[in-house]
Amino acid sequence: MSKIQDSGFRIQDKRHPASCIMHHDKSGFSLIEIIMIILIVSIAIPGLLLMLGGEAGRGVEPELRITATNIAQQLLDQIVTKCWDETAVLGGACTGSLIAYTALEIDGAPEVAMSLTTYDDVDDYTAGVPAVTVNGISYSRSVQACYVPFDNLTTATCNTTSATGTDYKRIAVTVARDNTSVTLTTVVTNY
């Protein structure tokens, strides 16, 4: 009878352990197994990091949108407390008599562009409002004032001249940061 040389590998058969080839127990990984693990992990990790990084960035967006909404609401509240226009007789410290409609812009001294403390009527804010910083994040702000007809307060056209004046002004405040913006709109009247 010829003897078969043992290669170190044996397949175990529980019914006939003496007649079968069995695998010797070895601990650890082979070089090929380690290379395959490194290859699979190096392909999977960048994809996972990209996915998690994108989700983390979008997780802050709702907080930025809420802050932008609060900033817009604060500015809109400030605007609606002002006179309807330079010549309005109603409201806080408004003086003068009701005359023809005025253009939607700064009406003269002492109003200064980008200086909210000098604005005295709702359309002065269209000259510009400074950016505001909240918790180290800067938000740009803009205001649009338009004369709108009483029967179409949501019209897309924006009439800013005194020739097209009506008793209604639509005020839109937009606050933006990067690709996130919020616009709040209201209508004020000359009554």
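Only one entry of Asp167, Asp120, Asp124 meets the criterion of being closer than 18 Å to Asp85 by Cβ, touching an Asp or Glu at 6+ places or on another chain (Cβ under 6 Å) and either modelled with pLDDT of 65 or more or of a type in the set (Val, Ile, Thr) (or both), and that entry is Asp124. For Lys14, the conditions (1) over 23 Å from the mean Cα position of the chain (by Cα); (2) of a type in the set (D, E, K, R); (3) modelled with pLDDT of 75 or more all hold with the exception of (3).
Within region 135-150, can you find the residues that are in a loop (DSSP other than H, G, I, E, B) and under 16 Å from Asn190 (Cβ atoms)?
Filtering region 135-150 down to residues in a loop (DSSP other than H, G, I, E, B) leaves 135-136, 148-150.
Correct list: Val148, Pro149, Phe150.
Here are some residues: Leu76, Leu50. Which one is part of a helix (DSSP H, G or I), without any contact (Cβ under 8 Å) to a residue 24 or more places away in the chain and within 37 Å of the chain's Cα centre (by Cα)?
Working: Leu76 fails: without any contact (Cβ under 8 Å) to a residue 24 or more places away in the chain.
Leu50 is the lone residue from the list that is part of a helix (DSSP H, G or I), without any contact (Cβ under 8 Å) to a residue 24 or more places away in the chain and within 37 Å of the chain's Cα centre (by Cα).
The values are calculated or read from the model by the stated rules, or taken from the named source; none is laboratory data. None of the values given here were measured: they were computed from a predicted structure. FYI the Cβ positions are ideal-geometry reconstructions off the backbone, even for glycines, and counts take in every protein chain you see.
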